[in-house]
Amino acid sequence: MTKLIIGLSGGIGSGKTAVSDRFAQRHITVVDADIIAREVVEPGSAALERIREHFGDDMLDSHGKLRRAALRQRIFSEPDEKQWLESLLHPLIAEKTLEQLSNIASPYGLYVSPLLVEGGQKALCDRLLVVDVSESTQLRRTMTRDDNDRSQVERIMASQASRQQRLDAADDVLDNSGDLASLDSKVEALHQRYLVLAEEKAKRGQS
Ligand code: ATP
């Protein structure tokens, strides 16, 4: 990638969106893995049509949109079907991700994905920034935001990388245990640092 790419990761409810919104306010291009995963199956897309042919009309709602929960349920206990779906979607997601990361307009770019620690996507990034809070804060903020019950959030947390695994993989750690004003000043400090690193990378590219 020509531009400096900062990978942003963190567990559920750690504050990835709160952080990426603050970089976006500073005019930094944000590439979001969750948004790309949704875009490749937008109504009218070739991939959504393949899904409809393969799994049936039940997978689409009355507006022609993918019924994600129904699809998740369908592949949950069927590894072959899960693999079929992944071999359809992963190359499309990878292509779109590379295209967006290669066309970053700002001095550096942010790539937000919950799977940067677990998956191979870290290779796309120059540095990994991890948003860190204690498990109890993660639980409390997610339950407040989504009105989910405790066991549901705990199940998702157990399926993700552990706090320690994330910290071990991080180049930079953003402690989000404070209030939103304190988060904002931490993002500003990182932004200033990344601008310097971006300039250094640009100079290396020219020489
Ligand atoms: P997910 O993995 O589910 O997408 P996330 O990592 O993007 O979550 P956010 O949605 O940014 O997390 O934050 C979770 C909740 O906590 C949101 O309601 C957000 O407004 C709130 N929040 C984030 N940071 C703080 C903070 N420093 N103080 C108070 N509330 C916060």
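The values are calculated or read from the model by the stated rules, or taken from the named source; none is laboratory data. Since we're looking at a predicted model, the values are computed, not measured. Don't worry about glycine lacking a Cβ; one is built from the backbone with ideal geometry, like all the others, and counts go over all protein chains shown. In case anyone asks, the SASA skips ligands and DNA or RNA and just uses the protein heavy atoms, side chains included. Shrake-Rupley method; radii C 1.70, N 1.55, O 1.52, S 1.80 Å.
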Given 202, 15, 30, which one lies farthest toward the positive end of the charge dipole of the chain, if we put +1 on the Cβ of every Lys and Arg and -1 on the Cβ of every Asp and Glu?
202
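What is the dipole size for the stretch 39-105, taken about its Cα centre, with +1 at each Lys and Arg Cβ and -1 at each Asp and Glu Cβ, in debye to the nearest 20?
200
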Would you mind working out the magnitude of the charge dipole of the chain relative to its Cα centre, with +1 at each Lys and Arg C-beta and -1 at each Asp and Glu C-beta, to the nearest 20 Debye?
400
Given q = 0.10, 0.16, 0.18 Å⁻¹, what are the Debye log10 I(q)/I(0) values for the chain, with equal point scatterers placed on the Cα positions and solvent ignored?
-0.50, -1.16, -1.33
With x for Gly and Pro, the residue-by-residue ³J(HN,Hα) of the stretch 192-200, computed from phi through the Karplus equation 6.51 cos²θ - 1.76 cosθ + 1.60 at θ = phi - 60° and given in whole Hz, is 4, 5, 5, 4, 5, 4, 5, 5, 4
Excluding near-sequence neighbours (fewer than 8 apart on one chain), the chain holds lysine pairs with C-alpha atoms under 18 Å apart numbering 8
Accessible-area order for 146, 57, largest to smallest, probe 1.4 angstrom, reads 57, 146
Against the longest principal axis of the chain, how steep is helix 16-25, in degrees 0 to 90 to the nearest 10, with axes from Cα atoms?
60
Leaving ligands, DNA and RNA out of it, rank 82, 16 by accessible area with a 1.4 Å probe, largest first.
82, 16
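Kindly report the accessible area of the chain per residue (heavy atoms of protein chains, probe 1.4 Å, no ligands, DNA or RNA), in Å².
Ligands and nucleic acids excluded, the result is 57 Å² per residue.
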Relative contact order [Cα under 8 Å, 6+ residues apart], the stretch 56-207, whole percent
22
Please name which of 47, 63, 85 has its Cα lying farthest along the dipole of the stretch 39-105 towards the positive end, using unit charges on Cβ (Lys, Arg +1; Asp, Glu -1) and the Cα centre as origin.
63
Where the accessible area of the chain is counted over protein heavy atoms with a 1.4 Å probe, how much of it, in %, is carbon and sulfur?
50
I'd like the per residue volume of the convex hull spanned by the Cα atoms of the stretch 39-105, given in cubic angstrom.
97
For the stretch 100-127, list residues with backbone N below 19 Å from a point placed 7 Å from the Cα of residue 45 toward its Cβ?
100-103, 111-116, 121
